[in-house]
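The values are calculated or read from the model by the stated rules, or taken from the named source; none is laboratory data. From a predicted model like this one, the values you see are computed outputs, not experimental measurements. All Cβ positions, even for glycine, are placed from backbone atoms using ideal geometry, and neighbour counts span all protein chains on display. Areas reflect the complete protein model, heavy atoms only, side chains present, ligands, DNA and RNA absent. Shrake-Rupley method; radii C 1.70, N 1.55, O 1.52, S 1.80 Å.
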Amino acid sequence: MGNRLSRIYTRTGDDGSTGLGDGTRIRKDAARVEAYGCVDEANAHVGLLRAALAVNHPAQVMLEHIQHDLFDVGGELCIPGHTLVTAAYVERLEQAIDAVNADLPPLKDFILPGGSPAAAQAHAARTVARRAERRTLTLMMEETVNPLALQYLNRLSDYLFVLARALARADGGREVLWRPRPA
């Protein structure tokens with residue numbers, strides 16, 4: 001287990017640097033920090049989604065798994081060369097995607113984020129997961145990163161998309177379909 005903080009502020013980051021999990025100090029705007037920061041933000045948005053759902057909602061268990069997984073992804077990105085994410089993480093998401101998607105009608109149109117408050121939050125979480133994926137790819141162009149972390153983030157956004165569709169329908173709302181405007 002890592003160090004426990006007894007004091008929240010340390011002043012060590014006042015110069016624009018931060019400490020990685022291995023003790024290395026780097027700039028706060030470095031690609032690595034940007035990647036794990038976006039993963040942390042995605043985790044916060046998944047937490048908001050969980051808070052928008054009933055405690056006994058069937059998606060709660062999977063979303064809690066996802067939050068733990070995202071902590072692992074962030075930990076992996078915070079410690080160069082460290083690996084936590086395995087193919088099982090990606091497979092669990094794929095199974096969840098298939099299960100949720102099985103009850104949805106085929107997608108024939110683009111969907112606007114919305115439909116219900118919970119569906120809208122799932123869409124917001126999806127967009128942040130996509131950003132985390134892009135920032136992780138940027139990091140991968142500079143340094144070695146476990147490719148399964150990138151795959152996980154890609155599947156996560158897919159899961160959040162199908163979950164948003166399901167939530168829009170289950171919450172009595174409807175999916176908001178994009179309609180091109182006439183020129």
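When peptides 175-181, 120-126 are ranked by their average number of other Cβ atoms within 10 Å per residue, the highest-first order is 120-126, 175-181. Inter-part distance, region 93-129 to region 40-70, computed on C-alpha centroids, equals 14 Å. Accessible surface area normalised per residue over region 25-169 is 49 Å², counting heavy atoms of protein chains with a 1.4 Å rolling probe.
Residue-wise HN-Hα couplings along region 75-88, as the Karplus relation 6.51 cos²θ - 1.76 cosθ + 1.60 with θ = phi - 60° gives them from phi, are x, 4, 6, 7, 10, x, x, 7, 10, 10, 6, 10, 4, 4 Hz; Gly and Pro carry x.
Relative contact order for the chain using alpha-carbon pairs under 8 Å, separation at least 6, rounded to a whole percent? Write out the running numbers ahead of the final one.
Numbers: 224 pairs, mean separation 48.6, N = 183.
Computed value for the chain: 27 percent relative contact order.
Largest accessible area first, the listed residues Asp109, Asp103 line up as Asp103, Asp109 when surface is computed with a 1.4 Å probe on the assembled protein chains.
Less than 5 angstrom separates the built amide H of Leu112 from those of Val176, Leu177, Trp178, all sequence-distant by 5 or more or on a different chain. The order of the peptides 70-77, 57-64 by mean Cβ neighbours within 10 Å, most packed first, is 70-77, 57-64. Once the gyration tensor of the Cα atoms in region 25-169 is diagonalised, the equivalent ellipsoid follows with semi-axes of 27, 15, 14 Å, ordered largest first. Calculated [222 nm] ellipticity per residue, helices only, for the chain: -20500 deg cm²/dmol; basis is -39500 (n - 2.57) per DSSP H run with n ≥ 4, divided by all residues, nearest 500.
Extension gain, Phe110 to His65: 0.36 nm times the residue separation minus the Cα-Cα distance gives 13.4 nm.
Counting only protein heavy atoms and a 1.4 Å probe, tell me what percentage of the chain's accessible area is made up of carbon and sulfur.
For the chain, the apolar C and S fraction of the accessible surface comes to 55 percent.
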